[in-house]
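Single-structure report; data block below.
The values are calculated or read from the model by the stated rules, or taken from the named source; none is laboratory data. Quick caveat: nothing in here was measured; it's all calculated off a predicted structure. Here the Cβ is made from the backbone with ideal geometry for all residues, glycine too, and neighbour counts use every protein chain on show. Ligands, DNA and RNA are stripped out before the accessible areas are found, and what is left, the full protein with its side chains, is counted by its heavy atoms. Shrake-Rupley method; radii C 1.70, N 1.55, O 1.52, S 1.80 Å.
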Amino acid sequence: MNNLLRRNLLPIYNNAIKLTYRPFADAATKEKIDKIVKNNKVVVFMKGVPDAPRCGFSNAVVQIMRMHAVPYDSHDVLADENIRQGIKDYSNWPTIPQVFINGEFVGGCDIMLQMHQSGELVEELKKVGIKSALLTAAEESPKSEEKK
Amino acid sequence: MVRLLQSIKSMQSILRSYRRMSSSPGVVENTIRSKLQTVLEAKHLDVINESYMHNVPKGAETHFKVVVVSDKFDGLPLIKRHRLVNDLLKEELQSGVHALSIVAKTPQQWDESDKVVESSPNCRGGFGK
């Protein structure tokens, strides 16, 4: 009986606590995230840090950023549970990593990869005054341009 | 430009890893498939359980990749297509599905593509924390 109670009631009780306290945490976290994403041109929420990503998807985004030599601000969601949930609520996006350019949510790993492949990323970076290293490299070797 | 192409190639090789092993589809996998099929009237649909690539119990349904080809994506930017899929699978994402990789194409884009879908990047151990 005790077991039954624990199993059935505890989760309800726990959820009730979460539901009660969420709105407070939400408002503060939302404000915090708002500041973070507007404070830098490119912001990445990821698992781990750029030098040691702790998820393959986060790592892929780091690699893309590195390839374009983009300066960015990164936040490790594993280090802060509020941010981990908060960022999902903020952008209404269920997964990590998340990339913001000029305060706007751009996408996760799949979208970044596609934007990288289509050349759209170079354009988006240009809009915020960041010149992709790939663009610089392409300009410095006009001969390879002709070959293409 | 050639360098740009080269770096794209190298990116793809970073992402290339072993393909999924075959096993019978789980409950979540079936739910994802039927939701996407019904609502998006998918012309082509792959639901790939990539959980085995991660540090989760055997048979787990935590990491998925979906390939959806649908007329309903016509005229929608990528982010809206992804949001559409995410919204359809909201319940699953809130109750155990931890990673969802999405390829969302229109039938025309799918026909023009090489129809090869890269496997997701290898896990780096962030799961469970």
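Miscellaneous remarks
- Within the stretch A:94-114, tally of residues that are hydrophobic (A, V, I, L, M, F, W, C) and open to solvent by 10 Å² or more (accessible area, probe 1.4 Å): 6
- The criterion of being among the charged types (D, E, K, R), out of contact with any His (no Cβ under 6 Å at 6 or more places or on another chain) and facing another protein chain (nearest Cβ under 10 Å) does not hold for residue A:80.
- Candidates A:58, A:91, A:118, A:132, filtered to the one that is within 8 Å of chain B (Cβ to nearest Cβ) and either open to solvent by 50 Å² or more (accessible area, probe 1.4 Å) or hydroxyl-bearing (Ser, Thr, Tyr) (or both): A:58
- Among the residues of the stretch B:38-63, those identified as among the charged types (D, E, K, R) and in contact with a Ser or Thr (Cβ under 8 Å, 6 or more places away or on another chain) are B:41, B:43, B:50, B:61.
- Taking the stretch A:60-76 as the range and being in a helix (DSSP H, G or I) and touching a helix residue (DSSP H, G or I) at 6+ places or on another chain (Cβ under 8 Å) as the test, the residues that pass are A:60, A:61, A:63, A:64, A:67.
- With respect to being open to solvent by 40 Å² or more (accessible area, probe 1.4 Å) and within 27 Å of residue B:50 (Cβ to Cβ), residue A:79 fits the description.
- Taken together, B:121, B:57 contain a single residue that is out of contact with any Asp or Glu (no Cβ under 7 Å at 6 or more places or on another chain), closer than 16 Å to residue A:110 by Cβ and at pLDDT below 95, which is B:121.
- All positions within the stretch A:116-132 that are part of a helix (DSSP H, G or I), without any contact (Cβ under 8 Å) to a residue 24 or more places away in the chain and of a type in the set (Lys, Arg): A:126
- Taking the stretch B:40-129 and the helices (runs of 4 or more DSSP H) fully enclosed by it, the elements with 1 or more residues that are within 9 Å of chain A (Cβ to nearest Cβ) and open to solvent by less than 40 Å² (accessible area, probe 1.4 Å) are at B:78-88, B:90-94.
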